[in-house]
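Colleague: My questions will all concern the structure given below.
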Amino acid sequence: MALDYYIPGTRGGFPNRIQLVKTDEVLSMKLDITLFPLYCDGCGYFFPHFYINKGSRHQIVGRILCPSCARPIEITDSGTMVDEIKVNDNPINFQKVYLLDWSYIEQANIMSGGHIIKALMARYNKSELNYLTIDELTMICSFASCIQLSGDMKFQTDTRFRALPPDINHWIEFLYRCGVTLPSYVTVLRKDHDIPSLEGSAIWRMRHMDEKN
């Protein structure tokens, strides 16, 4: 079936990703999410594994039984570019749950002096599909803004889920450390030690050599 367990170390073939889109010289993105947590919409059981969407047929990803209450669970998606799935009839919107809304990038871009969108624009090629994994997106944004990440922070963005995929935790850590205003429903489950900003350092100056004094 197209719905499969996530085995750590095997995500390379089905990474969470975005597609950069440019319209009238304005950059934005579309989501294509393949890795996610699941829960039972009947008893609230949280599945201990992450799951991978390897593709859907007629938007049906797969069907499983809840090991707690035996409720049948059907997973459906939103089509070719997946920005949402449904657990039976209950939507999981990844823009909200994974904080993958372009508005967060715009906020971070302002705080970085415009370097983030400039860096993403440099990755855009009109003759390509312009996919970036979430790990690549995080790396580009953190490098452009000189934000260091520990990679150890964990967050909760929805009470249905006690865990988020590692790449999503890294992305949200970037937003957190960048100072982006996060929604009130975001909870820090594990806060790592503070990491100083690189702004003003030799590395920061090297990354911004093209700026005029």
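Colleague: Collect the residues in segment 62-92 that are touching a residue at least 40 places away in the same chain (Cβ under 8 Å) and touching a Gly at 6+ places or on another chain (Cβ under 8 Å), keeping them in residue-number order.
Modeller: Within segment 62-92, just Ile75 meets the criteria.
Colleague: Restricting attention to segment 1-44, report how many residues are open to solvent by less than 30 Å² (accessible area, probe 1.4 Å), part of a strand (DSSP E or B) and among the hydrophobic types (A, V, I, L, M, F, W, C).
Modeller: Within segment 1-44, residues that are open to solvent by less than 30 Å² (accessible area, probe 1.4 Å), part of a strand (DSSP E or B) and among the hydrophobic types (A, V, I, L, M, F, W, C) number 9.
Colleague: Spot the failing condition for Asp135; the list is (1) part of a loop (DSSP other than H, G, I, E, B); (2) closer than 25 Å to Gly55 by Cα; (3) among the acidic types (Asp, Glu); (4) open to solvent by 40 Å² or more (accessible area, probe 1.4 Å), and only one is missed.
Modeller: Condition (1) is where Asp135 drops out.
Colleague: Could we say that Pro67 is assigned to a loop (DSSP other than H, G, I, E, B) and open to solvent by 70 Å² or more (accessible area, probe 1.4 Å) here?
Modeller: So Pro67 passes the test.
Colleague: Residue by residue through segment 45-55, note down the ones that are at pLDDT 95 or above and either part of a loop (DSSP other than H, G, I, E, B) or open to solvent by 50 Å² or more (accessible area, probe 1.4 Å) (or both).
Modeller: Scanning segment 45-55 gives a single hit, Tyr45.
Colleague: Would you confirm whether any residue within segment 75-94 is in a loop (DSSP other than H, G, I, E, B), open to solvent by less than 60 Å² (accessible area, probe 1.4 Å), among the acidic types (Asp, Glu) and within 30 Å of Val180 (Cβ to Cβ)?
Modeller: no
Colleague: Could I ask something else about it? Arg71 versus (1) charged (D, E, K, R); (2) farther than 22 Å from Ile134 by Cβ; (3) at pLDDT below 95: which is the lone unmet condition?
Modeller: Arg71 satisfies all of (1) charged (D, E, K, R); (2) farther than 22 Å from Ile134 by Cβ; (3) at pLDDT below 95 except (3).
Colleague: When the residues of segment 174-207 are filtered to those that are part of a helix (DSSP H, G or I), of a type in the set (Phe, Trp, Tyr) and open to solvent by 40 Å² or more (accessible area, probe 1.4 Å), which remaining residue is modelled with the lowest pLDDT?
Modeller: Trp204
Colleague: Further question on the same structure: How about segment 102-132: which of its residues are open to solvent by less than 60 Å² (accessible area, probe 1.4 Å), over 12 Å from Cys178 (Cβ atoms), without any contact (Cβ under 8 Å) to a residue 24 or more places away in the chain and part of a helix (DSSP H, G or I)?
Modeller: Scanning segment 102-132 gives a single hit, Ser103.
Colleague: Follow-up. Give all pairs with beta carbons closer than 7 Å in which a residue from segment 19-30 that is farther than 15 Å from Glu106 by Cα and of a type outside the set (Val, Ile, Thr) meets a residue that is assigned to a strand (DSSP E or B) and open to solvent by 80 Å² or more (accessible area, probe 1.4 Å); count only pairs at least 6 apart in sequence or on separate chains.
Modeller: Short answer, once both residue conditions are applied: Gln19/Lys30.
The values are calculated or read from the model by the stated rules, or taken from the named source; none is laboratory data. Bear in mind the structure is a predicted one, so any value in this text is a computation, not a measurement. When we count neighbours, we look across all protein chains shown, and the Cβ atoms used for this are built from the backbone with ideal geometry, even at glycine. The area values use the complete protein model at the heavy-atom level, side chains included, leaving out ligands, DNA and RNA. Shrake-Rupley method; radii C 1.70, N 1.55, O 1.52, S 1.80 Å.
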